[in-house]
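Quick note: the coordinates plus some simple rules give every number you see, no bench work behind them. Just so it is clear, the structure is predicted and the values come from calculations on it, not from any experiment. Cβ: placed from backbone, ideal geometry, glycine included. Neighbour counts: every protein chain shown.
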Amino acid sequence: AEAIEVLSMTQNDPLCQNTNMSGDSKDVLTDFEYLRTKAYDLAHDRFGNRIYIRGLIEFTNICKNDCYYCGIRKSNSHVDRYRLTKDQILACADEGYVLGFRTFVLQGGEDGGFSDGAIADIVRCIKERHPDCAVTLSFGEHSYETYKLWRMAGADRYLLRHETANRKHYERLHPEKMSYDNRVRCLYNLKSLGYQVGSGFMVGSPYQTSVNLAEDLHFLAKLQPQMIGIGPYVPHKETPFAKMEQGTVRQTLVMISMLRLMFPKALIPSTTSLGTIAADGRERGFMHGANVVMPNLSPVSVRKKYELYDNKICTGEESAQCRGCLDRRAEAFGFQIVVDRGDYIS
Ligand code: 5AD
Ligand code: FES
């Protein structure tokens with residue numbers, strides 16, 4: 001926890017403004033830069049300059065939950081709610097396939113309007129049309145039986161961030177109806193069903209301490225997920241946490257590097273939230289050990305409606321084709337976006 005705190009503090013680090021991305025040529029490295037080079041080198045040994053992409057399909061912004069930080073929480077009456085049809089979802093995947101995506105992530109709020117069977121059917125159809133692709137679900141908490149049904153239908157992976165590994169902190173971020181125990185149970189159920197599991201947390205979420213972040217690392221060390229997604233907390237104006245401070249780029253980068261060192265084989269995305277608080281955020285994430293990016297494949301017409309936080313990037317008309325844009329941006333930092341499922345290799 002102390003290391004996280006010290007490394008995250010900008011003011012104690014006069015060289016921190018010197019963002020020398022090439023790293024090792026400097027005689028004296030700041031601790032922050034030292035951490036970065038270690039994480040970068042480890043990622044490079046294993047993955048070379050390859051970055052894996054996942055096509056994100058945000059298929060519903062309807063949610064029965066009311067997380068205090070989330071823009072699509074049930075109580076936010078300003079959201080224009082939508083549900084994509086099965087045909088729309090399949091069209092997103094088809095389009096993504098042409099663009100070189102070999103993983104599709106179906107992400108949605110906890111929307112009871114999709115039956116378990118309907119989700120299974122969509123998974124099955126995507127796998128039939130694109131047998132060389134992985135399907136990832138990111139659809140919240142469900143029973144063991146439901147997760148099993150979806151796994152049998154062909155789902156390969158599941159994303160469910162634990163959000164925080166401290167029970168008290170969890171209770172400050174979520175209303176009473178949501179349970180930390182159930183969150184954890186879901187994650188272990190997913191693992192036992194043979195999903196590649198992704199977990200993670202927000203950096204700088206309200207009331208979070210450095211000890212909490214250390215607890216997150218400890219929790220992940222026990223869970224041993226294949227994927228770990230983290231990003232800065234970014235306020236959304238129509239939530240109870242609207243006035244809470246945003247997470248920092250620096251602390252997020254510190255945590256990405258620490259995760260890389262702890263989990264050399266993990267698939268770690270450089271997230272949209274990091275790209276939202278800094279123009280070069282996602283590229284800097286790669287420089288700190290991240291190796292995945294998850295561009296939006298949702299129809300442009302719904303993108304602005306899936307606003308978990310304010311000013312989310314890639315939601316405008318110009319973003320219909322994120323792939324080309326990301327290719328160029330990754331290349332400018334020496335990385336190459338590849339056409340690959342990007343499975344976890346043990
Ligand atoms: N800022 C940053 N991340 C957020 N998420 C939800 N709301 C916010 C926010 N305001 C994250 C949560 C969730 C993931 C899909 O998005 O960690 O698990
Ligand atoms: Fe939908 Fe948190 S508000 S899961």
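The table that follows gives values for the structure above.
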quantity: For region 45-59, Karplus couplings with θ = phi - 60° (6.51, -1.76, 1.60), whole Hz, Gly/Pro x; calculated: 4, 8, 10, x, 9, 7, 10, 8, 10, 10, x, 8, 10, 8, 8
quantity: Extension reserve of the Met262-Val300 stretch, reckoned as 0.36 nm per residue once the Cα distance is removed; calculated: 10.0 nm
quantity: Centre separation in Å (Cα based) which lies between region 182-207 and region 40-87; calculated: 15
quantity: Using θ = phi - 60° and Karplus 6.51 cos²θ - 1.76 cosθ + 1.60, couplings along region 331-346 (whole Hz; Gly, Pro as x); calculated: 4, 4, 9, x, 9, 10, 7, 10, 8, 6, 5, x, 6, 5, 10, 7
quantity: Listed pairs Lys148/Lys305; Lys38/Lys243; Lys38/Lys222; Lys168/Lys191; Lys74/Lys304; Lys243/Lys305 exceeding 28 Å between Cα atoms; calculated: Lys148/Lys305; Lys38/Lys243
quantity: Computed FRET value (nearest 0.05) for Leu193 with Glu245, which takes r as the C-beta separation and R₀ as 25 Å; calculated: 0.10
quantity: Cα long-axis angle, helix 249-262 against the chain (0 to 90 degrees, to the nearest 10); calculated: 80
quantity: Vicinal HN-Hα couplings computed from phi for region 231-244 (Karplus, 6.51 cos²θ - 1.76 cosθ + 1.60; Hz; Gly/Pro x); calculated: x, x, 5, 10, x, 10, 5, 9, 10, x, 9, 3, 9, 6
quantity: Label-point gap, in nm, between Ala91 and Lys64 - each point 7 angstrom along Cα→Cβ; calculated: 2.9
quantity: Choice from Asp94, Asp45, Asp327 with maximal GNM fluctuation in the chain (Cα, 10 Å cutoff); calculated: Asp45
quantity: Helical mean residue ellipticity (222 nm; -39500 (n - 2.57) per DSSP H run of 4+; nearest 500) of the chain; calculated: -12000 deg cm²/dmol
quantity: Cα-based helix-to-principal-axis angle, 180-192 vs the chain, degrees rounded to 10; calculated: 80
quantity: Contour minus Cα-Cα distance for Asn311 and Lys177 (0.36 nm per residue); calculated: 45.4 nm
